[in-house]
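Everything below concerns the one structure shown next.
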Amino acid sequence: MQIEETNKMNDRRAVFEFYNVFSEQLSEMKMLNALKDKQIIKNKYTYIKIGIIIISIIFIILVFAELAARKKRYMYHLTQKSKRTILEAKGQFLENMSHEIRTPITSILGYLTLLKQEHLNLDKRIKFTNNAIDNTKMMMTSLDNFLNLTTVDKSSGFDKIKSSITLSDFKKEIRSTFFANLEIKNIKLYFKTNAEKSLVINYDVESLMIIVNNLISNAIKYSNSN
């Protein structure tokens, strides 16, 4: 009877120890699961952060690529526009140069035509010769200006030079330029103004002369003789 009681107590003690060990293992497993859950959550946030960083880097790369492409397109259009502007400016300049040179050449031809006249007296022959020389110098000046323009530094550019001349001298230069052409077509050039002859013109006289020469040259060209 005593032995049976002892066996029962041993069995109870064994059950109790097993239960304690099982409880400890269960607690340890719960703790490990909790740590595992925390690690999973931590890893999840880490992966999210890494994903956000990667997406941000890709977005930044795409933005820079788009900006570079836009800049390239802008520079291309700017270059094309600059080329068109330069070509238009060159065309305009050459057109102006043709007018600028044509006027003195036409005058020189006119004076040479007058010099061929047999009955021409010495004074007129000398006058016409000097006028032809003056127009030749005018043409050379225009050519020099053209050469200066083609060699000028593109970045610096150039400005028209402001100069002065009296109204009377300006009129004389214009008249001497076209005297031969007027004589050949037997037409008159009239100048009328209420300004004083001593009036001083403060302007880019060379450009002003070109403008007036073009106007008068066309007027003579399209006017009937006599």
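The values are calculated or read from the model by the stated rules, or taken from the named source; none is laboratory data. Computed from a predicted model, the values in this text were never measured in an experiment. Positions of Cβ are backbone-derived with ideal geometry, glycine not excepted, and every protein chain shown enters the neighbour counts. Note: areas computed on protein heavy atoms with side chains; ligands, DNA, RNA excluded. Shrake-Rupley method; radii C 1.70, N 1.55, O 1.52, S 1.80 Å.
Is it the case that the range 68-88 has a residue that's in contact with a Ser or Thr (Cβ under 9 Å, 6 or more places away or on another chain), open to solvent by 60 Å² or more (accessible area, probe 1.4 Å) and of a type in the set (D, E, K, R)? If you could, list the steps in order and put the result at the bottom.
Just the residues of the range 68-88 that are in contact with a Ser or Thr (Cβ under 9 Å, 6 or more places away or on another chain), to begin with: none.
Among the residues of the range 68-88, not one is in contact with a Ser or Thr (Cβ under 9 Å, 6 or more places away or on another chain), open to solvent by 60 Å² or more (accessible area, probe 1.4 Å) and of a type in the set (D, E, K, R), which makes the answer no.
Inside the range 91-124, can you point out the residues that are farther than 16 Å from GLU183 by Cβ and more than 41 Å from the chain's Cα centre (by Cα)? Correct list: LEU122 only.
When ILE165, ILE216, ILE210, ILE187 are screened for being in a helix (DSSP H, G or I), at pLDDT 85 or above, surrounded by 10 or more Cβ atoms within 10 Å (Cβ to Cβ) and out of contact with any Leu (no Cβ under 6 Å at 6 or more places or on another chain), only ILE216 passes.
Of the residues that make up the range 68-90, is at least one within 30 Å of ASN181 (Cβ to Cβ) and either in contact (Cβ under 8 Å) with a residue 40 or more places away in the chain or assigned to a helix (DSSP H, G or I) (or both)? So that I can check it myself, show each step before the final result.
Of the range 68-90, the ones within 30 Å of ASN181 (Cβ to Cβ) are 90.
Among the residues that remain, those that are also either in contact (Cβ under 8 Å) with a residue 40 or more places away in the chain or assigned to a helix (DSSP H, G or I) (or both) are: 90.
Yes, the range 68-90 contains a residue that is within 30 Å of ASN181 (Cβ to Cβ) and either in contact (Cβ under 8 Å) with a residue 40 or more places away in the chain or assigned to a helix (DSSP H, G or I) (or both).
No other residue among THR113, THR103 is open to solvent by less than 100 Å² (accessible area, probe 1.4 Å), at pLDDT 80 or above, polar (S, T, N, Q) and within 30 Å of ASP144 (Cα to Cα) apart from THR113. Among the candidates THR141, THR150, the residue that is surrounded by fewer than 16 Cβ atoms within 10 Å (Cβ to Cβ), at pLDDT below 75 and under 19 Å from LEU109 (Cα atoms) is uniquely THR141. The set of residues in the range 194-226 being farther than 15 Å from PRO104 by Cα and of a type in the set (D, E, K, R) consists of GLU196, LYS197, ASP204. Examine the range 40-58 for a residue that is open to solvent by 80 Å² or more (accessible area, probe 1.4 Å), at pLDDT 70 or above, part of a helix (DSSP H, G or I) and among the polar types (S, T, N, Q), and state whether such a residue exists. Checked against the condition, which is being open to solvent by 80 Å² or more (accessible area, probe 1.4 Å), at pLDDT 70 or above, part of a helix (DSSP H, G or I) and among the polar types (S, T, N, Q), the range 40-58 yields no hits at all. Residue check: LEU120 meets all listed conditions (1) assigned to a helix (DSSP H, G or I); (2) surrounded by 10 or more Cβ atoms within 10 Å (Cβ to Cβ) but one, namely (1).
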